[in-house]
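These notes are about the structure you will find just below.
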Amino acid sequence: MKKGTVTLIIFLIVGLITGIIIGQLLAPVPALAFLTKSAQITWEPKADLQVLKYELHFQVRLNLCSILGLVGAFFLYRKL
């Protein structure tokens, strides 16, 4: 299989989603609360140019499980 940018992006997205799912499954366990505590990053670019007005809202919520999923996906990609 040829490794490329698209393959890397797919691996990272799947790893991120897997980490998020695992984090949600571990949320009820009090001893693993440090894995599921999220940090929120928000970016809201907007402009009003009298002819065109736009507002975008981007929000990323990362926790340790999602970051571990990203790292695991990257290592799997490297093993290909």
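Computed values, structure above
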read-out: Candidate set: the range 44-80, residues that are within 29 Å of Phe11 (Cβ to Cβ) and of a type in the set (Gly, Ala, Ser); chosen: the one nearest to the chain's Cα centre (by Cα); value: Ser66
read-out: Residues of the range 27-38 classified as over 19 Å from the mean Cα position of the chain (by Cα) and either surrounded by 10 or more Cβ atoms within 10 Å (Cβ to Cβ) or under 19 Å from Ile13 (Cα atoms) (or both), total; value: 2
read-out: Contacts under 7 angstrom Cβ, first residue in the range 59-80 being in contact (Cβ under 8 Å) with a residue 24 or more places away in the chain, partner among the aromatic types (Phe, Trp, Tyr) and loosely packed, with under 15 Cβ neighbours inside 10 Å, 6 or more apart; value: Leu64/Phe34
read-out: Test: Ile41 is among the β-branched types (Val, Ile, Thr), under 18 Å from the mean Cα position of the chain (by Cα) and surrounded by 12 or more Cβ atoms within 10 Å (Cβ to Cβ); value: no
read-out: Matching strands (runs of 3 or more DSSP E) fully within the range 1-67 where at least 1 residues are of a type outside the set (Ser, Thr, Tyr) and touching a Phe, Trp or Tyr at 6+ places or on another chain (Cβ under 8 Å); value: 39-43, 46-48, 58-62
read-out: Pair list, Cβ under 7 Å, 6 or more apart: the range 34-55 residue hydroxyl-bearing (Ser, Thr, Tyr), other residue in a helix (DSSP H, G or I) and surrounded by 10 or more Cβ atoms within 10 Å (Cβ to Cβ); value: Thr36/Gly23; Thr36/Leu26; Thr36/Cys65
read-out: Tally, over the range 21-80, of residues that are among the polar types (S, T, N, Q) and out of contact with any strand residue (DSSP E or B) (no Cβ under 6 Å at 6 or more places or on another chain); value: 5
read-out: Among residues of the range 44-77, those that are farther than 14 Å from Leu16 by Cα and surrounded by 10 or more Cβ atoms within 10 Å (Cβ to Cβ), counted; value: 0
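Rule-based calculations on the coordinates, nothing more; no lab input. Every value quoted in this text rests on a predicted model; they were computed, and no experiment measured them. Reconstructed Cβ throughout: ideal geometry from the backbone, glycine too, with neighbour counts over all protein chains shown.
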